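Q: What follows is a structure written as structure tokens; I'll ask about it next.
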Amino acid sequence: MESAKINLSHNMLGCRFDNWLRLLKENAVSKDKKGQAAFITLVTFFLSIPAGMEKLIFDIPIKRTKIKKDPLYVVGHWRTGTTFLQNLLSKDEQFAWFDPIKTVSFNNCIMMKPLLGKIEKILLKDARPMDNLDYKMDLPMEEVFAQATISTQAISHMLVFPDRGKGIKFIETAFIDEQGEKQQKEWRKAYDYILKKATYIEKGKQLMLKSPENTCRMKELKRCYPGAKFINIYRNPYVVVQSTKNMFLKEMLLLSLSEPPSEAFIEDTILDLMERIYKKAFEDLYSMPEEDYIDIKYEDFVKNPMPYMKQIYRHLGLSGFEEAKPRFQEYLDSMKDYQTNHYRDMDQGLRNKINEKLGFYFERYGYHMITE
């Protein structure tokens with residue numbers, strides 16, 4: 001049997017060594033993936049030495065760091081356009097975010113930044129597996145990937161340890177306010193630490209963050225950071241489900257260390273998760289003051305983003321739109337030839353399941369439900 005190819009850009013290579021050992025202890029690894037797991041173990045062990053030095057030197061000033069201006073969050077389910085919106089917002093120089101160094105290499109992102117930057121620039125040069133966007137060192141990534149390196153409370157671990165569907169347990173980490181007190185404390189401690197470290201590195205800049213699982217934890221985020229603001233971008237659910245399925249299949253192919261579940265299981269999991277996320281999101285969003293959130297329809301936004309950007313700034317009370325406008329336009333001009341993925345017509349069975357699960361979503365956002 002041919003040995004599995006080692007993924008040199010696996011997202012667990014920057015995991016803190018003790019956290020990695022904890023994940024290995026609690027989750028299965030397939031026989032054909034033991035080489036990949038051993039490689040991650042070796043890399044995380046060697047990186048633990050400089051990571052320990054970095055923590056020793058910077059841990060106290062990081063923990064003393066004050067987040068003086070609470071984060072701005074881009075929320076929305078996977079494949080709703082959150083990446084495009086966050087990339088655009090990142091051109092406003094008043095904001096800071098988690099770049100590839102602060103996420104994948106969180107534990108060594110200060111002292112080893114120059115070396116790791118050169119390595120990651122090579123390893124991340126190809127397009128993302130789920131779409132045609134490139135990973136670039138000057139564009140943001142999801143902050144929860146940083147949290148995943150120091151905590152087991154991360155939904156992204158589901159892609160690494162799917163274990164024929166048993167990895168579904170990691171979904172519960174997204175709904176943190178429904179977890180036990182121990183899990184909640186672990187999540188708060190890890191999440192606040194990654195935000196403080198990023199704030200320390202960026203000399204106090206306001207953080208602009210995006211992770212899809214934040215969509216179902218806005219109440220908890222608001223409790224931790226009362227001044228937080230939210231931009232909720234939404235999209236046609238038929239496209240979102242197909243695109244999310246494509247993303248999960250491709251990412252599991254690259255990252256999984258155990259046997260992935262069937263496509264049917266993944267499909268049903270996406271539908272259950274999307275239903276659960278948005279029932280929670282609607283409850284959280286519409287219980288907060290109107291000036292703290294704004295809803296943006298993806299299909300309208302991508303046609304003419306600039307008026308919506310102005311509306312976002314005005315509604316949320318953000319300053320700096322006019323100063324950032326030329327950089328927004330420059331980025332939009334650079335993306336004018338970008339092509340999104342296209343999906344063939346879905347089968348009636350999947351369409352029926354979407355209609356059944358997400359009728360409340362169609363009603364809330366005014367999308368046409370196809371019944372035939």
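Q: Got a sec? Which residues in region 146-163 would a label at LEU254 touch, if it sits 7 Å along Cα→Cβ and we count backbone N under 19 Å?
A: 146-149, 155-163
Q: If packing is taken as the average count of other Cβ atoms within 10 Å, what order do 207-216, 81-90, 310-319 fall into, highest mean first?
A: My ranking of the peptides, most packed first, is 207-216, 81-90, 310-319.
Q: Taking amide H positions as placed in the peptide plane 1.01 Å from N, state which residues far from ILE296 in sequence (5 or more) or on other chains have amide H under 5 Å from it.
A: Hits under the 5 Å cutoff: ASN232, ILE233, TYR234.
Q: Whole number in Å², please: accessible area per residue of the chain, 1.4 Å probe, ligands, DNA and RNA not counted.
A: 47
Q: Can I ask one more? Could the peptides 17-27, 190-200 be put in order, highest first, of the mean number of other beta-carbon atoms found within 10 Å of their residues?
A: Most protected by this proxy first, the peptides run 190-200, 17-27.
Q: Could you order SER256, SER262 by accessible surface area, starting with the largest, using a probe radius of 1.4 Å?
A: Output order, biggest surface exposure first: SER262, SER256.
Q: Is there a quick way to get the dipole size of region 57-109? I mean about its Cα centre, with the Cβ of Lys and Arg at +1 and of Asp and Glu at -1; what is the value in debye to the nearest 20?
A: Roughly 180 debye for region 57-109.
Q: So, one more: Under the rule of -39500 (n - 2.57) per DSSP H run of 4 or more residues, summed and divided by the residues of the chain, what mean residue ellipticity at 222 nm is obtained, to the nearest 500 deg cm²/dmol?
A: For the chain, the value works out to -16000 deg cm²/dmol.
Q: Quick one: Debye curve from the alpha-carbon atoms of region 234-372 only, equal weights, vacuum; give me log10 I(q)/I(0) at q = 0.18, 0.20 Å⁻¹ to two decimals.
A: Summing over Cα pairs of region 234-372 leads to -1.18, -1.25.
Q: How many nm is it between the label spots at ASP59 and LYS166, if each spot is 7 Å from the Cα in line with the beta carbon?
A: 3.3
Q: Check every DSSP H run in the chain and write down those whose alpha carbon atoms cover 20 angstrom or more along the long axis and whose mean Kyte-Doolittle hydropathy is -0.5 or greater.
A: 34-64, 237-255, 263-285
Q: With unit charges on the beta carbon (Lys/Arg positive, Asp/Glu negative), name the residue among GLY52, PHE106, HIS315 whose Cα is farthest towards the positive pole of the charge dipole of the chain.
A: GLY52
Q: While we're looking at this one, here's another question. As I understand it, the dipole of the chain uses +1 on the Cβ of Lys and Arg and -1 on the Cβ of Asp and Glu, about the Cα centre. Which of MET252, PRO326, CYS15 lies farthest toward its positive end?
A: Looking along the dipole axis, the top candidate is CYS15.
Q: Select one label from (1) 137; (2) 146; (3) 207: the one whose number is volume of the Cα convex hull per residue in Å³ as derived from the coordinates shown.
A: (2)
Q: Ok, one more. Rounded if a/c is under 1.5, else prolate if a/b is larger than b/c, else oblate: which is region 258-340, with a ≥ b ≥ c the root eigenvalues of its Cα gyration tensor?
A: Oblate, because a/c is 1.5 or more while a/b does not exceed b/c.
Q: A further question follows. Going Cα to Cα from LYS279, which lysines come in below 19 Å? Please leave out same-chain ones fewer than 8 positions away.
A: Qualifying lysines at Cα under 19 Å: LYS219, LYS222, LYS297, LYS353, LYS357.
Q: With a 1.4 Å probe and every protein chain kept in, tell me what percent of the accessible surface of the chain is carbon plus sulfur.
A: The nonpolar share, carbon plus sulfur, comes to 54 percent.
Q: Ranked highest first by the average count of other Cβ atoms within 10 Å around their residues, in what order do 106-115, 6-15 fall?
A: 6-15, 106-115
The values are calculated or read from the model by the stated rules, or taken from the named source; none is laboratory data. These numbers were taken from a predicted model, which means no experiment stands behind them. Glycine also receives a Cβ, built like all others from the backbone with ideal geometry; neighbour counts cover every protein chain displayed. In case anyone asks, the SASA skips ligands and DNA or RNA and just uses the protein heavy atoms, side chains included. Shrake-Rupley method; radii C 1.70, N 1.55, O 1.52, S 1.80 Å.
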